[in-house]
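Here the structure comes first, spelled out in structure tokens, and everything after it is commentary.
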């Protein structure tokens, strides 16, 4: 069954993607890390040519307002740079899990969605086995990247390379009871035809008022 966490109102209400205009990062951009020079990094994404111009999550800073992401063994930039913003920062948290219940989606490839992650680990390596050494950098160093669920790793850009980490956190959303209902409703709508939903009422699996509420929910 498809779980539409990327379309839930819980996520849409908590966070949203906005275009970076004239190199300006909005004040409510979401900080997710620090670079080697102790500069704040914000959650960003861009359309990467090598990913058929689909979005890939990465990071951006006020000093360098182009999104930098990792794809195909290298650090890359792309088109349509966006930054993640929120007026409800307390609705977000980091979980030491590959796939939290309600992760924040930052992009996708042909097969699955990319989640937003970060690491404080110094044990990253390239696909060729070259290790990342960050021991001499600031203690606040925290490297953002993309979580690839089926690979069970975080891919993060550093320098001109893509580094692979097994120790990472995933950004997630704290869902309210109302949000949970809407997520469940969207799951049913995506996986069942309207006629099947009505049959659940006829079979007394769900009441007609509940079916009406489910049909009224929209992914916006």
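Each reported figure results from applying straightforward, stated rules to the coordinates on display, with no laboratory input. As the structure is a computational prediction, the values presented were derived from the model and not from experiment. Counting neighbours? That spans all protein chains shown, and the Cβs are built from the backbone with ideal geometry, glycine included.
A few points about this structure:
- Projected label points at residue 88 and residue 111, each 7 Å from Cα along the beta carbon direction, are separated by 3.4 nanometres.
- Label zone (residue 18, point 7 Å along Cα-to-C-beta; backbone nitrogen cut-off 20 Å) within segment 90-128: 90-93, 104-107.
- Remark: 19, 152 ranked as 19, 152, counting other beta-carbon atoms within 10 Å and listing the fewest first.
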